[in-house]
1. How do the pairs read when you match residues in region 43-67 that are touching a residue at least 40 places away in the same chain (Cβ under 8 Å) with residues anywhere that are crowded, with 21+ Cβ neighbours inside 10 Å, using Cβ under 6 Å and keeping only pairs 6 or more apart or on different chains?
2. Pull up region 74-98, narrow it to residues that are in contact with a helix residue (DSSP H, G or I) (Cβ under 6 Å, 6 or more places away or on another chain) and farther than 19 Å from residue 38 by Cα, then point me to the one that is modelled with the highest pLDDT.
3. Do we have any residue at all in region 47-68 that's closer than 29 Å to residue 11 by Cβ, modelled with pLDDT of 90 or more, under 12 Å from the mean Cα position of the chain (by Cα) and part of a loop (DSSP other than H, G, I, E, B)?
4. Under 9 Å between Cβ atoms, which residue pairs at least 6 apart in sequence (or on different chains) link something in region 31-42 that is farther than 11 Å from residue 81 by Cβ with a partner that is outside any helix (DSSP H, G or I)?
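The values are calculated or read from the model by the stated rules, or taken from the named source; none is laboratory data. Computed from a prediction, not measured in an experiment: that's the story for all the values here. Positions of Cβ are generated from backbone atoms using ideal geometry, with glycine treated the same way; all protein chains shown enter the neighbour counts.
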């Protein structure tokens, strides 16, 4: 399919052909999934070692929001994923669930 005024399209990625953009998008999404898993693994270990407390934060949620600059919703989503995998009681104690409750609804 030829798009009208195709030569005038803005390229945010620097990729010139549609096929290359389609392929690159799939590749980047795969990388994103790997990175998301790595972030979750790191957060789980931060929680297990209680490093957020050593750094002066009351919960992993507070650490994610204040230090890592996650939005409250993004921090809560990551922690919710951890809670679904790990023991929920331990997760609630470690993550300060009461502070992030408004983001979980």
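1. 47/60; 47/94; 59/95
2. 96
3. no
4. Close Cβ pairs (under 9 Å, with a partner that is outside any helix (DSSP H, G or I)) do not exist here.
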